[in-house]
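These notes are about the structure you will find just below.
The values are calculated or read from the model by the stated rules, or taken from the named source; none is laboratory data. In this text, all values refer to a predicted model and were calculated from it rather than measured experimentally. Glycine also receives a Cβ, built like all others from the backbone with ideal geometry; neighbour counts cover every protein chain displayed. We work out accessible area using only protein heavy atoms, side chains counted, and drop any ligands, DNA or RNA first. Shrake-Rupley method; radii C 1.70, N 1.55, O 1.52, S 1.80 Å.
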Amino acid sequence: MRLCSIASGSSGNCIYAGSDDCHILVDVGISRKKIEEGLRTADLTGRDVDGILITHEHSDHMKGLGVFLRKYPVPVYGTFGTLHAISEMSCVGKIPEGLFHEIHEEESFYIKDIKVLPFAISHDAAQPVGYRLECREKSVGIATDLGKYDDAIVEHLQNLDAVLVEANHDIRMLEVGSYPYYLKQRILGDRGHLSNENCGRLLCRLLHDQMKAIFLGHLSKENNYEQLAYETVCSEVTLGDNPYQSKDFKIQVAHRDCPSELITV
């Protein structure tokens with residue numbers, strides 16, 4: 001399997017995951033032009049995309065959906081709550097009939113040779129999910145926009161070959177920053193976003209000898225920066241209750257405005 005972050009951050013998210021025979025986008029929160037540019041780094045075009053998985057309806061995860069679908073009418077998968085919320089948004093524009101496919105948490109399905117398992121996450125959206133994708137005994141996981149993690153989420157992210165997990169904010173930067181109080185409380189709450197520290201603690205429960213790559217994603221533009229996220233997560237991993245050090249793994253930050261490295265597992 002292959003995994004690449006085309007864009008990841010509070011201003012827009014799009015992730016590519018695929019096999020030799022199947023190519024999937026997870027979220028389309030950037031322009032079609034940027035999506036196409038990102039796909040080219042994997043020697044693909046929009047015509048190669050076999051399906052789009054939507055995690056939730058917030059604009060930084062789906063604002064490019066309508067424009068992309070009007071050129072490339074591919075199947076779109078999301079929970080009932082997510083698809084209903086998107087269908088109510090006028091900004092999406094007209095979407096070709098029959099492209100929306102409802103999925104359910106804890107019920108796996110296939111897009112060609114890739115098995116997709118959606119799992120519930122804690123975020124202030126209609127019915128948000130993360131995804132685990134498997135193909136030929138290889139697996140990758142994507143979990144962003146979660147205010148907290150629990151044993152169920154940890155279980156769904158076990159024994160992955162690669163993972164993209166949220167490191168949204170530095171708590172101190174958020175607390176002293178310019179955001180209004182209610183927004184700070186939303187981000188820090190159980191249905192908000194995962195801090196750098198909690199990202200590192202989550203990773204401590206996911207690491208194993210066969211983990212090939214870790215992406216830190218969905219960084220806040222105002223309350224985080226790449227080096228800080230990287231160093232904080234690495235510190236949590238090295239000092240945490242696990243047998244590893246951060247240098248034992250390929251940890252990298254998923255960039256906000258350009259594709260990250262395409263990794264193959």
**Message:** Suppose accessible area is computed on protein heavy atoms with a 1.4 Å probe; arrange THR232, THR79, THR238 from highest to lowest.
**Reply:** THR238, THR232, THR79
**Request:** Under 14 Å from the Cβ of ILE15, count the other residues' Cβ atoms, weight Lys and Arg +1, Asp and Glu -1, and hand me the total.
**Result:** -1
**Item:** Interatomic Cα distance distribution for the range 1-144, bins of 10 angstrom, percent
**Value:** 12, 48, 36, 4, 0
**Item:** the chain: most fluctuating residue of SER59, SER87, SER139 per GNM, C-alpha cutoff 10 Å
**Value:** SER87
**Cleavage-rule hits (GluC sites (Glu not before Pro)) in the range 98-190: DSSP loop, at most 14 neighbouring Cβ within 10 angstrom** = GLU106, GLU107, GLU137
**Prompt:** Roughly how many whole Å is it from the C-alpha centroid of the range 158-211 to that of the range 1-39?
**Reply:** 21 Å
**Complete:** Residue ranges of DSSP H helices in the chain that stretch 18 Å or more (Cα, own long axis) and have mean Kyte-Doolittle hydropathy of at least 0.5 are none
**Complete:** Any lysines whose Cα falls less than 19 Å from that of LYS212, other than same-chain ones fewer than 8 residues away, would be LYS138, LYS247, LYS250
**Request:** First compute the accessible area of the range 95-150 with a 1.4 Å probe, then give the percent of it belonging to carbon and sulfur atoms.
**Result:** 45 percent
**Asked** In this model, which of LYS34/LYS115; LYS63/LYS112; LYS33/LYS63; LYS33/LYS148 are farther than 24 Å apart at the alpha-carbon?
**Response** LYS34/LYS115; LYS63/LYS112; LYS33/LYS148
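Probe of 1.4 angstrom, ligands and nucleic acids ignored: what's the accessible area per residue over the range 109-256, in square angstrom?
In whole numbers, the range 109-256 has 44 Å² accessible per residue.
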**Prompt:** Across bins of 10 angstrom width beginning at 0, how are the C-alpha pair distances of the range 126-224 distributed, in whole percent?
**Reply:** 16, 47, 27, 10, 1
